[in-house]
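What follows is one structure encoded as structure tokens, with my remarks underneath.
Read-outs: derived from the displayed coordinates by stated rules, not from any lab. The shown structure was predicted, so the numbers you read here are calculated from the model rather than taken from an experiment. A quick note on method: Cβ atoms are made from the backbone with ideal geometry, for glycine too, and the neighbour counts reach across all protein chains shown.
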Amino acid sequence: MQESAIIRPDVDGPLPVVVFLHGWGAPDPAFYRPWLEHLARRGSAVVYPRYQDSFVEPPRQALGNVLAALRIALARPGLDTSSLVVAGHSAGGALAADYAALAATAELPAPRAIFAVYPGRRLPRVPRGLPEIPPRLIPAGTRIEALASRDDGIVGTGTARAIVRGATRADARLVLVGDEAVDDHQAPLRTDADAR
């Protein structure tokens, strides 16, 4: 399963990299296509690792699958990982923080920044969630922006708060989204003007 899609503008030379980690059960880049294409139009190579085959993949395997897929994808030519950004939605937001905490140990590029959008480790009515890697392991100087909403009925604000509170060496910030047009968990999947 260690596969990744790479969306990039049609230009020569190495490009800065954004790793985008999908939400649980959304391994197809089509779920986030407008967002991925927006990042590519802005001049980034967007790496979209597929860390699960299906919704029922055991959560404890997700981070290992992310690391294995990125080990292959980030070794490809034309990618400049010196200013790596890792973004993620839902489970992908939690995995972005976990990646940052373990990147050096896994001998992978450490991210300069993490953008966790409505991060979560557990879904309602799903007995097991993603194990947490302690955010205190995220290196000093890493910028973290975690978006959450009190009206997010899927994952709430707990994971975002835990990432920001626990990342004591990082430059971490929690942003609570209050705009009714985009304060629900599925807003990052929409393409309407408010979501954009």
Please figure out what share of the DSSP beta bridges in the chain is antiparallel and state it in percent, rounded to the nearest 5.
15 percent
Here the alpha-carbon Rg of region 21-96 over 2.2 N^0.38 Å rounds to 1.08
Percent of all alpha-carbon pairs of region 99-188 at distances over 18 Å, whole number, is 45 percent
Based on the Cβ-Cβ distance from residue 191 to residue 136, what FRET efficiency comes out when R0 is 45 Å, to the nearest 0.05?
0.75
So what's the net charge close to residue 142: Lys and Arg +1, Asp and Glu -1, counting the other residues with Cβ under 14 Å from its Cβ?
+2
Candidates 44, 54, 90, ranked by Gaussian network fluctuation over the chain, Cα under 10 Å, top entry:
54
Where nothing but the Cβ of Lys and Arg (+1) and of Asp and Glu (-1) is charged, how large is the charge dipole of the chain around its Cα centre, in debye to the nearest 20?
560 debye
For the chain, what is the convex hull volume of its Cα atoms per residue in Å³?
106 Å³
Mind checking region 1-81 for trypsin sites (Lys or Arg not before Pro) that DSSP puts in a loop (not H, G, I, E or B) and that have at most 12 other Cβ atoms within 10 Å?
42
Residue by residue through region 46-53, which ³J(HN,Hα) values in whole Hz follow from phi under the Karplus form 6.51 cos²θ - 1.76 cosθ + 1.60 (θ = phi - 60°), with glycine and proline marked x?
9, 9, 10, x, 8, 9, 8, 8
Using a 7 Å offset from the Cα along the Cα-to-Cβ direction at both residue 53 and residue 171, what is the distance between the two label points in nm, to one decimal?
4.2 nm
Residues with amide H under 5 Å of residue 154's amide H, sequence separation 5 or more or different chain, H placed in the peptide plane at 1.01 Å from N; which?
185
